[in-house]
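A quick write-up on the structure given underneath.
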Amino acid sequence: MRLRFVPSARRITASLSLLAIAVLTGGWSNSVLPVSGPQSTFDTQGPVARAQLDVFYVTVWVTLAIFVIVAGVLAYATFKFRVKDIDPNRPMPPQGHGNPLVELGLIAASIGALVIIAVPTLRAIWYTYDVPEEHRANAYEVNAIGLQWWFKFEYPLEQIEGAGPLVTGNELVIPAGRPVRINLRTTDVIHSFWVPKLGGKVDMIPNRGNHMWLQADNPGYFWGQCAEFCGESHAVMRFRVIALGAEDFAAWVEAQKQPARSVEAPAPGTPVATFASYDMTRKKRNAPGYSAEFDRDPMAAWTAFQFPDKDEDAALIARGRELFREKACVTCHAVRGHEGMGVTGPDLTHFGSRTTLAAGLLENTKEHLHRWIVHPNDVKPGNKMWMGIGTHTNVTMTGYLAWDGETKSYTGKRHIEVNDEEARALVEYLHSLK
Amino acid sequence: MATATTAAYTAPEAKPASRPWFFARPAAKTGLVGWLTTVDHKKIGLLYAITSLFFFLVGGIEALLIRVQLAVPNNTFISHQLYNELFTMHATTMIFLAVMPLSAAFFNYMMPLQIGARDVAFPRLNGFAFWVFMAGAILLNVGWFTKAGAPDVGWFGYAPLTSNAYSNQFVGDVSTDLWIIGLQVLGVSSVIGSLNFIVTIINMRAPGLTMMRLPVFTWMTLFTAFLIILSFPAITIALVELMMDRSFGTGFFEVAMGGMPILWQHLFWIFGHPEVYILILPAMGIVSEILPTFARKPLFGYPIVVFSGAVIGFLGFGVWSHHMFTTGMGTIATAAFSLATMAIAVPTGVKIFNWVGTLWGGQIITRTPMMFALGFIWMFMMGGFSGVMHSAAPADAQQQDSYFVVAHFHYVLIGGSIFALLAGIHYWFPLVFGRIVSEFWGKLSFWVIFVGFNATFFPMHFLGLNGMPRRTAVYDGNMGWNNANLLATIGAFILAVGIGIYFAVIVYTYFKGKKTSHDIWDARTLEWTVPTTPPPEHNFHVTPTVHARDAFWYEKTHAKEIAAEKARVAAETEAHGGIHMPSQSWYPLVTAMGLFIGALFFAHHNYTGAIVGAGILLVGVLGWAFEGPGGYHLHVKPDGTVTGGEGQDEAKH
């Protein structure tokens, strides 16, 4: 019984190697295991990512060469020197203890191979660390701040009178073709800023001033994600980077600096539209928030978001603006020029011009926004809008869930309740903030 | 003066009349009492093995749940919170409760046999180390049965996510406190065990067994033990600081108080990287035993294999910050750690070259242990090469915390450590149980595990390079990650089936397997010279004298001269009163119980209970100190029958 398996073992080895080759070639041709997704590290769109990929390729080729040699010898030795079983009549193999020359030679060869990797590695470490000296004058500066579980972006070069720097959330718009130096900060735990197509990640660490730089060669739309485990909803802490040409970028900055757009309320008595226009059935947890239509041309989608909707309902918008105050949204969210004054949540002054919501998780459609406002905990468990600001053991500003400061626990009741009708008005208001 | 005292001293009584009940040494060799009070390194080794294999299965189930959740995008199989608990506990379990103790099982069982000793240097301490390990294992897992659930901060527990503010789901959530105290308790166990192994290897080698004749597995035991005692203090400091922050309001890692979260990372990884070698060096030792046996020639370049183990251990303390390439350390530090990490590839590569050299020109018999050992070389090579890719810091900036890293270390830890440990179980099974595992089923389990493992983890390289971050409970379907994730999940279930076959066969063989003579592989090292399988309590009828590196191989080729020598040594031993054996004791268990109770209450911030636990611990220590050294003698007649035992003749000291 015990030896009959050997021939088939050989067959398995052969078919395995075939499978491995198929997977490999299939992988690189993007059919079985694609590496060309929105967060691909191969589809580099800037000098930092390119420098990192170049180093990666050096490591791949060097190790692949060593692998082919060592594995070849190993495979050859295994098959060449194989015997069926212990046979007392067969003479023993030579009981050699080694060969110092061979051993030293192999050590020298491995050191040589590592030097091939070390040289480009060192060069790239310095190159990727900060904006190269000669480009520093041209560099654009932004601050990226990580919070549980979203990103806040500040533009220190774009000061608004009486309001400090321009602030946005979850979508970082940068000038294309210019190095961007990003100061990385956090207000709670460690997060990590990663836009694979533009460059590797650097962590945002409390009590530590980190920075990174990257550059998008051309205008484009890029996916990013927090890469350091940062608590319950780490998996859904995402963001986008949008690179714009010089003119577009300047226009965008100018538009963002403006206070929030106001839609004039209609005369009292104007009928309010019905709610039947979009799907408000409760979606499952983790329900996807992307669409193939959007992914086909995200830049076109982004551009479309910069203009007011054609079917705006002025009455609903006015009602939404009231509700935004009544439902205490204003205590956490700023809407510059309107009632919103809060600084703990994302700035919503130009929320309607963003392509995504809930930290790059859902496309900014009315359906998704409705879902987010009514059932935020289905979208992002543990989020502050739901749980309140502070921590789960010490809420300092109550969210949707009612909190009892005496017993330091959630009461199980609701502090903020938003019904479908109210949510509809809020959606309309927020989408009007272009 | 010493002479005068000795002269004046007269022994009051050779045999104490009776001892108070609480100092009586238990004598049961079998049954529950026999196991609870054992000091026999072989029984303790088996206890470690059974416990670690149990936790290996627990960790495996956790992994399967993770893979089910990730099988398809936007899945709702488990919640984010539970997912975070699962990946935290999967890693913690596999590292501290499966691979480390399974290695400890081999150290315990095989190392004394390999050096021709009758037990470890401190038998009671050995028992204590195991019971403390059990205490730590329970502390880490007890959270599953509470409202808070298991720890959810990641096995690396990066501050400040571990602070009261960010890790407590409600007031009184102690899951993180249990994790902190559990790891400290496990550290106690590991350090004590390691000190015991070091003293044993240095002091208790058989006559003629010089250091450069030590079996490579014993060498790796020694290096691992040193790595443990040098690296665990770092994590213990970090854990104590964190415990102080959480329990008594200090500010080591509290940002608002000026604490430095980055400090945690340095302390953690200066432990964490040597820990990687703690997990892999024993595996390398096992493979270095199996390859020469099944190639029927000595290890190629023994001195350089041993020396490279030492170099790996040494350099292992100088590369920790390669886990922190993305923390913004600056160019100089990043470059230094990058180069040091590349350097460590050299001694690792040397081992692979020497294993290939061992095979070259041999007579390779591909029995099941050898299949796993060869699988180890292949898979470890893959993991090693992706490791070199990580050492290039700029490339690592893309790979860090992505699935590429997950692929890398699973190739090292499953393809490396686990394959070698599974090889070791098959290899030494006939020695330990006197039965041999079926070749067909053994090889079948190997191939299923091999295929399942690669199907699970090979696609993860692509996932990582395609930008999928690790520790994410859910992903969107438009990222190009669907195929690889589904394949990985299917692979995980194939792997699970393979592991299932493996253990089913092992359990079957234990009860019903074919009986065998213990030197079934025509092996080369001393552990195979035991007179019976399973080995008797005293291991060897006659303490072996070692004449060559492959001691048993030498004995087989010099049978006549060895027989005469053994007869001479046997007579000498009998003239000195026979074989001296250690007595069993309750106190290791009592002391460990005290530690467990104290730690459990401390984690719940109940300091009265903690003091009670400390009291029990103190009682255990006192009993341990005052029950006396114990010991008894065995006598082996020339025909192999053994007489004597606990209570039949009290040792004279």
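Convex hull over the alpha-carbon atoms of segment B:216-340: what's its volume per residue in Å³? Don't skip to the end; give the middle numbers.
Numbers: hull volume 14.0 nm³, N = 125.
Measuring per residue, one finds 112 Å³ for the Cα hull of segment B:216-340.
Place +1 on the Cβ of every Lys and Arg and -1 on the Cβ of every Asp and Glu in the protein assembly as shown, take the dipole about the Cα centre, and give the residue among A:V115, B:T368, B:A610 whose Cα lies farthest towards its positive end.
Comparing the listed Cα positions along the dipole, B:T368 ranks first.
Just to be sure I understand: of the beta bridges DSSP finds with both ends in chain A, what percent are antiparallel, rounded to 5? It would help to have the intermediate numbers written out before the result.
Details: 37 of 49 bridges.
In chain A, DSSP labels about 75 percent of beta bridges as antiparallel.
Over the Cα atoms of the protein assembly as shown, compute the convex hull volume and normalise it per residue, giving Å³. Kindly include the intermediate steps, with their values, before the conclusion.
Numbers: hull volume 205.8 nm³, N = 1087.
Residue-normalised Cα hull volume stands at 189 Å³.
To the nearest 20 debye, what is the magnitude of the charge dipole of the protein assembly as shown about its Cα centre, counting +1 on the Cβ of each Lys and Arg and -1 on the Cβ of each Asp and Glu? Intermediate values should be presented prior to the final figure.
Values: 75 positive and 76 negative charges, 689 e Å.
With only Lys, Arg, Asp and Glu charged at Cβ, the dipole is about 3300 debye.
Per residue of segment A:89-100, in order, report the coupling 6.51 cos²θ - 1.76 cosθ + 1.60 (Karplus, θ = phi - 60°) as ³J(HN,Hα) in whole Hz, putting x for Gly and Pro.
Whole-Hz 3J(HN,Hα) from phi for segment A:89-100: 7, 7, x, 4, x, x, 8, x, 10, x, 9, x.
Enter the angle in degrees (range 0 to 90, nearest 10) between the Cα long axis of helix B:368-391 and the first principal axis of the Cα atoms of chain B, meaning the one along which they spread out most.
Its long axis makes an angle of about 40 degrees.
Could you let me know the centre-to-centre spacing of segment A:217-235 and segment B:492-527, using Cα atoms, in angstrom?
47 Å
Output the relative contact order of chain A, whole-number percent, from Cα pairs under 8 angstrom with separation of 6+ residues. Walk me through the numbers before you get to the answer.
Working: 717 pairs, mean separation 58.0, N = 434.
This gives 13 percent for chain A.
May I ask which residue of A:M280, A:A402, A:W126 lies farthest towards the positive end of the charge dipole of the protein assembly as shown, with charges of +1 (Lys, Arg) and -1 (Asp, Glu) on Cβ and the Cα centre as origin?
A:W126
Take the alpha carbon atoms of segment B:384-431, find their center, do the same for segment A:87-150, and report the distance between the two centers in whole angstrom.
16 Å
For peptide A:52-59, how many partner chain Cβ atoms fall within 10 Å of a residue's Cβ, on average?
Values: counts 8, 4, 2, 8, 10, 1, 3, 11.
The per-residue average across the peptide is 6.
Taking θ = phi - 60°, what integer Hz values does the Karplus form 6.51 cos²θ - 1.76 cosθ + 1.60 yield along segment B:561-574, in sequence order, with x for Gly and Pro?
Karplus values, whole Hz, x for Gly and Pro: 4, 5, 4, 4, 5, 5, 4, 5, 5, 4, 5, 4, 4, 5.
Quick one: which residues, 5 or more positions from A:N170 or on another chain, have an amide H under 5 Å from its amide H? H modelled 1.01 Å from N in the peptide plane, none for Pro or chain starts.
Those lying under 5 Å, H to H, from A:N170 are A:F151, A:K152, A:F153.
Counting only helical runs of four or more DSSP H residues, what would the 222 nm mean residue ellipticity of chain A come to if each run contributes -39,500 (n - 2.57) and the total is spread over all its residues?
Values: 11 runs with 155 residues, N = 434.
Taking each H run of at least 4 residues, the total per residue is -11500 deg cm²/dmol.
Amide H to amide H, which residues 5 or more places from A:A358 or on other chains are under 5 Å from it, using H placed in the peptide plane?
Amide H neighbours of A:A358, under 5 Å, 5+ apart: none.
Can you work out the FRET efficiency for the pair A:F307 and B:L57, with r the C-beta to C-beta distance and R0 = 45 Å, to the nearest 0.05?
Values: r = 59 Å, r/R0 = 1.30.
Here the calculated transfer efficiency is 0.15.
In square nanometres, what is the average projected area of the Cα convex hull of segment A:137-253? Present the calculation step by step, with values, prior to reporting the outcome.
On the way: hull surface 28.8 nm².
Average projection, Cα convex hull of segment A:137-253: 7.2 nm².
Just going by the charge dipole of segment B:43-575, with Lys and Arg at +1 and Asp and Glu at -1 on Cβ, which of B:F248, B:A455, B:V546 is farthest out on the positive end?
B:V546
Compute the normalised compactness of chain A: alpha-carbon radius of gyration over 2.2 N^0.38 Å, N being the residue count.
Values: Rg = 28.7 Å, N = 434, 2.2 N^0.38 = 22.1 Å.
Cα Rg divided by the expected 2.2 N^0.38 Å: 1.30.
Return the Cα extents of segment B:334-455 along principal axes one, two and three, sorted largest first, each rounded to a whole Å.
Principal extents (Cα only, largest first): 52, 31, 23 Å.
Compute and list, largest first, the equivalent-ellipsoid semi-axes of chain B from the alpha carbon gyration tensor, each √(5λ) rounded to a whole angstrom. Write down the numbers at each step before the final one.
On the way: eigenvalues 350, 204, 102 Å².
In descending order, the three semi-axes are 42, 32, 23 Å.
Enter the mean projected area of the convex hull around the alpha-carbon atoms of segment A:326-434, in nm², rounded to one decimal. Mind dumping the intermediate values first?
Numbers: hull surface 26.2 nm².
Reported value for the Cα convex hull: 6.5 nm².
At 222 nm, what value in deg cm²/dmol follows for chain B if DSSP H runs of at least 4 each add -39500 (n - 2.57) and the sum is divided by all its residues, to the nearest 500?
Details: 22 runs with 409 residues, N = 653.
Value at 222 nm, helices only, nearest 500: -21500 deg cm²/dmol.
At each listed q (0.20, 0.29 Å⁻¹), what is the log10 of I(q)/I(0) that the Debye formula gives for segment B:386-429 modelled as equal alpha-carbon point scatterers?
For segment B:386-429, the Cα-only Debye profile gives -0.63, -0.93.
Could you give the distance between the Cα centres of segment B:259-314 and segment B:192-219, to the whole Å?
17 Å
Would you kindly derive the ³J(HN,Hα) couplings of segment B:597-603 from the backbone phi angles with the Karplus curve 6.51 cos²θ - 1.76 cosθ + 1.60 (θ = phi - 60°), listing them in order in whole Hz, with x for Gly and Pro?
Rounded to whole hertz, the list is 5, x, 5, 4, 5, 4, 4.
Averaged across A:85-95, how many Cβ atoms of other chains sit within 10 Å of each residue's Cβ atom? Write down the numbers at each step before the final one.
Values: counts 4, 8, 2, 1, 0, 2, 1, 6, 8, 4, 8.
Mean partner shielding for this stretch: 4.
Peptide B:454-466: average number of partner chain Cβ atoms within 10 Å per residue? Don't skip to the answer; put the middle values down first.
On the way: counts 4, 2, 0, 0, 6, 4, 1, 3, 10, 4, 2, 11, 14.
Partner Cβ neighbours, averaged per residue: 5.
Collect residues whose amide H, placed 1.01 Å from N in the peptide plane, falls under 5 Å from the amide H of A:R82; neighbours closer than 5 in sequence don't count.
When sequence neighbours closer than 5 places are left aside, the close amide H contacts are B:I364.
Do me a favour and compute the ellipsoid semi-axes for segment B:311-353 from its Cα gyration tensor, root of five times each eigenvalue, largest one first, whole Å.
22, 9, 8
I'd like the antiparallel share, as a percent to the nearest 5, of DSSP beta bridges with both residues in the protein assembly as shown.
Numbers: 47 of 61 bridges.
Of the beta bridges lying entirely in the protein assembly as shown, close to 75 percent run antiparallel.
In Å, what is the Rg of the alpha-carbon atoms in segment A:272-383, and how long is Dmax?
Here Rg and the maximum Cα pair distance are 14.5, 39 Å.
State which entries of A:K80/B:K297; A:K152/A:K408; A:K283/A:K327; B:K29/B:K566 exceed 19 angstrom in Cα-Cα distance in the structure shown. All intermediate terms of the calculation are to be shown ahead of the outcome.
Details: A:K80/B:K297 15 Å; A:K152/A:K408 29 Å; A:K283/A:K327 23 Å; B:K29/B:K566 28 Å.
Long pairs (Cα-Cα over 19 Å): A:K152/A:K408; A:K283/A:K327; B:K29/B:K566.
Can you compute the charge dipole magnitude of segment A:292-431 about its Cα centre, using +1 on each Lys and Arg Cβ and -1 on each Asp and Glu Cβ, nothing else charged? Give it in debye, rounded to the nearest 20.
Working: 16 positive and 21 negative charges, 97 e Å.
Here the size comes out at about 460 debye.
Each reported figure results from applying straightforward, stated rules to the coordinates on display, with no laboratory input. Remember, it's a predicted structure, so these values are computed and weren't measured experimentally. Quick reminder, even Gly has a Cβ in these numbers, built from the backbone with ideal geometry, and neighbours come from all protein chains shown.
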